[in-house]
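Only one structure is covered here, and it is reproduced in the block below.
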Amino acid sequence: DKDDDGDIGVKLETRPKTKRPPMYKVLILNDDYTPMEFVVHVLERFFGMTHAQSVELMMTVHQKGVAVVGVFSHEIAETKVAMVMDFAARHQHPLQCTMEKE
Ligand code: TYC
């Protein structure tokens, strides 16, 4: 507002700001070619899911086109995406895995 007292004010912090780092969703995308069993294997291997959880999530992606596999720090999300993309490419499957800020 108006600087009636003629000083130059700087706002002093009141509540301590405990800013948490941003978190990132890791997404897996459907495609027409990657075998279902391969996707299930990827989810078990890189995301520590049980076989039953992996089958369920794979079917969700197959039916809806995309699903969130998990939410991680930027560094962990980047590593997961890189590992999945590398594993899929080495097996010549077009499976896509991406990340986005939550
Ligand atoms: N749609 C694939 C098929 O019919 C299976 C699939 C599921 C592929 C999930 C990718 O992220 C995926 N073989």
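Any read-out appearing in this document is the output of simple, stated calculations on the displayed coordinates, not a laboratory observation. If you're wondering where the values come from, they're calculated on a predicted model, not measured in any experiment. Neighbour counts run over all protein chains shown; Cβ positions are idealised from the backbone, glycine included.
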Please work out the FRET efficiency for the pair Glu100 and Arg15, using the Cβ-Cβ distance as r and a Förster radius of 25 Å; give the result to the nearest 0.05.
0.30
What lysines sit close enough to Lys64 to cross-link, taking a C-alpha to C-alpha distance under 30 Å and skipping anything fewer than 8 places away on the same chain?
Lys25, Lys80, Lys101
Expressed in nm to one decimal, what extension gain is obtained for the pair His41 and Thr60 from 0.36 nm per residue of sequence separation less their Cα-Cα distance?
5.3 nm
Would you pull out the residues with amide H under 5 Å of Ala67's amide H, same chain only if 5 or more places away, H placed 1.01 Å from N?
Ile28
Alpha carbons only, please: Rg and Dmax for the range 56-102, in angstrom.
11.3, 30
Taking a temperature of 20 °C and a viscosity of 1.002 mPa s, what whole-number D in µm²/s does Stokes-Einstein yield for the chain with Rh from Kirkwood over alpha carbon pairs?
134 µm²/s
